[in-house]
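Structure record follows, encoded as structure tokens.
The values are calculated or read from the model by the stated rules, or taken from the named source; none is laboratory data. Source: prediction; values computed, not measured. Ideal geometry is used to build each Cβ from the backbone, glycine not excepted, and the neighbour counts take in all protein chains shown.
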């Protein structure tokens with residue numbers, strides 16, 4: 001079983017006030033492999049397979065950092081206006097407005113990965129289990145952090161909103 005977090009940077013007017021059906025169509029079309037690859041290459045999309053919950057834990061490690069104290073640490077993964085599926089208790093979409101996108105970018109830029117890893121790394125490594133190499137796990141999360149930071153920086157610089165889909 002696979003589960004992914006898929007993010008797309010969009011104009012605020014395109015995402016503002018959109019409901020579940022529209023988001024399902026919009027994000028579903030972007031989940032097509034070729035579209036997803038093209039959008040990743042263009043820097044307007046980012047995806048994390050399976051690890052997004054623990055990436056949130058990594059970000060939570062910055063809650064006491066000055067840039068994270070106001071709740072900005074929550075924005076990169078699960079932050080935004082949640083849009084529920086009317087037939088399911090799980091909420092597969094969230095929409096982060098441009099101001100939230102800018103705060104997420106500022107947090108990811110201001111709080112160095114090493115600072116987050118020093119606080120959360122042991123907990124994340126324990127989640128993987130003893131058979132995993134600590135350096136390999138650190139590298140996985142460094143790539144996740146770097147990918148999110150670059151994605152959010154680009155979206156914020158363009159004044160865009162971010163639409164998030166959680167595919168299960």
Pairs needed: first member in segment 133-150, over 16 Å from residue 56 (Cα atoms); second member anywhere, surrounded by 15 or more Cβ atoms within 10 Å (Cβ to Cβ); C-beta distance under 6 Å; at least 6 residues apart or different chains.
134/125
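Tell me the residue from 108, 96 that is touching a strand residue (DSSP E or B) at 6+ places or on another chain (Cβ under 7 Å), surrounded by 13 or more Cβ atoms within 10 Å (Cβ to Cβ) and modelled with pLDDT of 95 or more, please.
Working: 108 fails: touching a strand residue (DSSP E or B) at 6+ places or on another chain (Cβ under 7 Å).
Of 108, 96, the one residue that is touching a strand residue (DSSP E or B) at 6+ places or on another chain (Cβ under 7 Å), surrounded by 13 or more Cβ atoms within 10 Å (Cβ to Cβ) and modelled with pLDDT of 95 or more is 96.
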The listed residue being within 16 Å of the chain's Cα centre (by Cα) and without any contact (Cβ under 8 Å) to a residue 24 or more places away in the chain, out of 64, 57, 46, 74
74
Taking segment 29-42, which residues are surrounded by 12 or more Cβ atoms within 10 Å (Cβ to Cβ) and without any contact (Cβ under 8 Å) to a residue 12 or more places away in the chain?
35, 38, 40
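Please go through segment 139-168 and pick out each residue that is in contact with a strand residue (DSSP E or B) (Cβ under 6 Å, 6 or more places away or on another chain) and either crowded, with 18+ Cβ neighbours inside 10 Å or modelled with pLDDT under 95 (or both). Quick ask: steps written out before the conclusion?
Within segment 139-168, the subset in contact with a strand residue (DSSP E or B) (Cβ under 6 Å, 6 or more places away or on another chain) is 144, 147, 151, 155, 160-167.
144, 151, 155, 160, 161, 162, 163, 164, 165, 166, 167 - these are the residues of segment 139-168 that are in contact with a strand residue (DSSP E or B) (Cβ under 6 Å, 6 or more places away or on another chain) and either crowded, with 18+ Cβ neighbours inside 10 Å or modelled with pLDDT under 95 (or both).
Could you tell me which of the residues 122, 106, 126 is touching a residue at least 40 places away in the same chain (Cβ under 8 Å) and either more than 28 Å from residue 21 (Cα to Cα) or in a loop (DSSP other than H, G, I, E, B) (or both)?
On the way: 122 fails: touching a residue at least 40 places away in the same chain (Cβ under 8 Å); 126 fails: touching a residue at least 40 places away in the same chain (Cβ under 8 Å).
Being touching a residue at least 40 places away in the same chain (Cβ under 8 Å) and either more than 28 Å from residue 21 (Cα to Cα) or in a loop (DSSP other than H, G, I, E, B) (or both) holds for just one of 122, 106, 126, which is 106.
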For segment 129-168, which positions are more than 14 Å from the chain's Cα centre (by Cα) and not in a helix (DSSP H, G or I)?
129, 130, 131, 132, 133, 158, 159, 160, 168
Of the residues 41, 29, which is out of contact with any helix residue (DSSP H, G or I) (no Cβ under 9 Å at 6 or more places or on another chain) and more than 22 Å from residue 75 (Cα to Cα)?
41
Can you name the residue in segment 1-17 that is surrounded by 13 or more Cβ atoms within 10 Å (Cβ to Cβ) and assigned to a helix (DSSP H, G or I) and is also modelled with the lowest pLDDT among such residues?
15
Filter segment 66-121 for residues that are out of contact with any helix residue (DSSP H, G or I) (no Cβ under 7 Å at 6 or more places or on another chain) and more than 20 Å from residue 46 (Cβ to Cβ) and give the result.
66, 69, 70, 71, 87, 88, 89, 90, 114, 115, 118, 119
